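Contents: one structure, followed by commentary.
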Amino acid sequence: MNYRHAFHAGNFADVLKHAVLARILDYLGRKDAGYRVIDSHAGIGLYDLAADEALRTGEWEGGIGRIRAARPSPALGDWLAPWQAALRAVNGGDDLLIYPGSPAIATALGRLQDRYHFNELHPQDAATLAALYAGDRRVRVGSEDGYVTVRAQLPPRERRGVVVIDPPFEEPGEFDRLLRAVHDARKRFASGCLLIWYPIKDIAAVDAFLKGAAEAGYPRLVAIEQWVREPGGDGPLSGAGVLVANPPFTLADETEAVLPELTRLLAEDDGAGDRVLRLAEDG
């Protein structure tokens, strides 16, 4: 439990993950019926970009910092709009002081009828997260193994929602645990949306994970990947992806149309790139 997202909040990997999450929530919110967000590795919710952790690494400057300084095309601007709306809601305007993690993005875009279960294993971080949402009757905060949370919370009463699994990848075997979670979620909540974040370091491990996920039987399964430098090696994170099960029908196409521009904005060298993999499609 040594990982602290405060050192990395707002980096390039957060941009992709949270922009995709915000788009999913935007689609879910187009129906009046409530939905549930389950976040298995939730962190502390809000991250101060002037705090020591953020200043020490400066990773946010290569992520959200670049996006805020850019002038994206209308198409990319539209794609980023739900995420940008969450940023403005959390900061009370256009000034970027606080970066919202997945829980804060979800609640910023949510409604009174939506419900949230956020889990964080680290006791101190769980306490911080619980304090953030004290008094918000829509939110429950737990502190247990994230994979236990996923099993225990599925299926949700609402029968609509998204499960976010964003493990720290501190220990060997994380892809194996993720793969078991993918298959288990398919059995327990077949119609639900699943969003899984993963680092791109060991290419063979990523490909094996995606192959195994495709065998879970989801009718629609999309992997969205981006790397700001040539992936691989033991240095700083160079690439990351999100696996989305049961995505909104238009997510893959609209993301594929704007992802190259987003990658150009975040690229650190000529080795940057991206891909959208349709691992399963209806019909």
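At a glance:
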item: Test: residue in the stretch 31-46 that is without any contact (Cβ under 8 Å) to a residue 60 or more places away in the chain and either assigned to a loop (DSSP other than H, G, I, E, B) or closer than 17 Å to Trp83 by Cα (or both); result: no
item: Evaluation of Gly93 against (1) within 25 Å of Ile196 (Cα to Cα); (2) loosely packed, with under 15 Cβ neighbours inside 10 Å (one fails), failing number; result: (1)
item: Filtered residues of the stretch 231-256 (kept if surrounded by 14 or more Cβ atoms within 10 Å (Cβ to Cβ), out of contact with any Cys (no Cβ under 6 Å at 6 or more places or on another chain) and under 20 Å from Arg30 (Cβ atoms)); result: Val244, Ala245, Pro247, Pro248, Leu251, Ala252, Glu254, Thr255
item: Helices (runs of 4 or more DSSP H) lying entirely in the stretch 164-283 (those with 1 or more residues that are under 19 Å from the mean Cα position of the chain (by Cα), modelled with pLDDT of 95 or more and over 24 Å from Asp145 (Cα atoms)); result: 251-266
item: Every residue from the stretch 156-174 that is free of Cβ contacts under 8 Å to residues at least 60 places away in the same chain, within 17 Å of Asp39 (Cα to Cα) and surrounded by fewer than 15 Cβ atoms within 10 Å (Cβ to Cβ); result: Arg159
item: Evaluation of Leu46 against (1) buried (at least 21 other Cβ atoms within 10 Å of the Cβ); (2) over 25 Å from Pro172 (Cα atoms); (3) within 15 Å of the chain's Cα centre (by Cα) (one fails), failing number; result: (1)
item: Single match in Arg186, Arg177 (criterion: without any contact (Cβ under 8 Å) to a residue 60 or more places away in the chain, basic (Lys, Arg), surrounded by fewer than 23 Cβ atoms within 10 Å (Cβ to Cβ) and more than 21 Å from Asp282 (Cα to Cα)); result: Arg177
item: Residue that is free of Cβ contacts under 8 Å to residues at least 60 places away in the same chain and at positive phi, where the choices are Gly77, Gly93, Gly65; result: Gly93
item: Candidates Glu225, Glu256, Glu281 - the one that is under 21 Å from Leu210 (Cα atoms) and touching a Gly at 6+ places or on another chain (Cβ under 6 Å); result: Glu225
item: Qualifying positions in the stretch 54-81 - in a helix (DSSP H, G or I), surrounded by 15 or more Cβ atoms within 10 Å (Cβ to Cβ) and of a type outside the set (D, E, K, R); result: Ala54, Thr57, Trp60, Gly62, Ile64, Gly65, Ile67, Leu76, Trp79, Leu80
item: Those residues of the stretch 90-141 which are in a loop (DSSP other than H, G, I, E, B) and within 19 Å of Arg68 (Cα to Cα), in sequence order; result: Gly92, Gly93, Asp94, Asp95, Leu96, Leu97, Gly101
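The values are calculated or read from the model by the stated rules, or taken from the named source; none is laboratory data. Predicted model only: the values in this text are computed from it and were never measured. Note: ideal-geometry Cβ built from the backbone for every residue, glycine included; neighbour counts use all protein chains shown.
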